[in-house]
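Below is one structure, written out as structure tokens, with a few remarks after it.
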Amino acid sequence: MYNVDSVVLSFFIYCVLGWICEVVYCSVPKRKFINRGFLFGPYLPIYGFGAMTVILLLEPVFDYWWAVFLLGMLITSAMEYVTSFALEKLFKVKLWDYSNMKFNINGRVCLLNSTLFGLLCLFIVYVVNEPIYGFLSGLGDTLVDVLALVVVAVMSADCAVSVNKMAAFRKAVEDLSRAKAEAEARLKEATAFLTPEGLAEARQRLNKELEFRRDRYYGNLKRVFHSNPGLTARSGAELREQLSQARAMIEQMSVERRTERRIRREEKRARREEAKKK
């Protein structure tokens, strides 16, 4: 039924559909847009892998919806567990954590999400699978081949960049924590021999150094924290504290930058109104 190129394009379509589901699922309760995912693009590979695995492996039981539901739930949950474990081993952080959910396994999977995945498998198999296959079949072999190559190239590049960004995220979290600790230690030592005026000047200088680091890392840290609201460390009190401090810094900077933008807009509006009066 499928050849390699159509599998690649189907995989990509399900990645995009999965991203849409995740964004809606996470954004609606928060009442703000949350761009979910480890990668930069609007797609989540775990959904593509899950969908294609279910379609290709469970075709012999398509006539039994309950088998599709149960087996699909098991397959997708296993993939979610393995993905969580692999990302944690690679980056030492958890991108999601279901520890506060009932019937979870090591915080990596939980019954609620597994059930939703099972229902999603039914939707994929009995609702969207045939239309997607029909759509791809109508594109023609040449166009399918070209699009498949583009998808592989784009997602491969995205994956490489995202892995580097995630590694940079870890280094940034550690650097911010270290810089903050060093600044506090230097100020503590300085209190013994500096005048109040000198101490205030030293505090201002150290705050500027810390602010420089925060500005340097702001974009990457904000993207990772925003895309993964539940991000934390599974083990290591030091790393959990570093992540907590970095998140607090980024939230503070976000508030400050929104305030600055609002002030600039108000000043611009005031200048326009003043110009009109003249």
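The values are calculated or read from the model by the stated rules, or taken from the named source; none is laboratory data. Please read these numbers as outputs of a predicted model, since none were measured by experiment. Note that each Cβ is placed from the backbone with ideal geometry, even for glycine, and that neighbours are counted across all protein chains shown.
So the values come out like this:
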read-out	value
Residue in segment 98-144 that is modelled with the highest pLDDT, counting only those that are surrounded by fewer than 17 Cβ atoms within 10 Å (Cβ to Cβ) and of a type in the set (D, E, K, R)	Glu130
Test for Val224: is it modelled with pLDDT of 75 or more, surrounded by 15 or more Cβ atoms within 10 Å (Cβ to Cβ) and part of a helix (DSSP H, G or I)	yes
Top-ranked residue of segment 47-79 - restricted to ones that are buried (at least 18 other Cβ atoms within 10 Å of the Cβ) and among the β-branched types (Val, Ile, Thr), ranked as nearest to Gly37 (Cα to Cα)	Thr76
Which numbered condition Phe49 misses (of (1) under 23 Å from Ala157 (Cα atoms); (2) over 24 Å from the mean Cα position of the chain (by Cα))	(2)
Answer residue from segment 80-97, given it is in contact with a helix residue (DSSP H, G or I) (Cβ under 9 Å, 6 or more places away or on another chain) and either charged (D, E, K, R) or exposed (fewer than 14 other Cβ atoms within 10 Å of the Cβ) (or both) and is farthest from Gly48 (Cα to Cα) among those	Lys92
Residue match in segment 151-163 (condition: within 30 Å of Asn106 (Cα to Cα), among the charged types (D, E, K, R) and modelled with pLDDT of 80 or more)	yes
Filter result for Ser27 (over 20 Å from Val151 (Cα atoms), buried (at least 21 other Cβ atoms within 10 Å of the Cβ) and without any contact (Cβ under 8 Å) to a residue 60 or more places away in the chain)	no
Qualifying positions in segment 164-187 - exposed (fewer than 14 other Cβ atoms within 10 Å of the Cβ) and at pLDDT 80 or above	Asn164
Single match in Ser77, Ser6 (criterion: modelled with pLDDT of 90 or more, polar (S, T, N, Q) and in contact with a helix residue (DSSP H, G or I) (Cβ under 8 Å, 6 or more places away or on another chain))	Ser77
Any pair with Cβ under 9 angstrom, 6 or more apart, that starts in segment 256-276 at a residue that is without any contact (Cβ under 8 Å) to a residue 12 or more places away in the chain and ends at one that is surrounded by 10 or more Cβ atoms within 10 Å (Cβ to Cβ) and in a helix (DSSP H, G or I)	Arg257/Tyr218
Hits in segment 155-212 - residues which are among the aromatic types (Phe, Trp, Tyr) and assigned to a helix (DSSP H, G or I)	Phe169, Phe212
Residue in segment 78-86 that is in contact (Cβ under 8 Å) with a residue 12 or more places away in the chain, within 24 Å of Leu136 (Cα to Cα) and among the aliphatic types (A, V, I, L, M) present	no
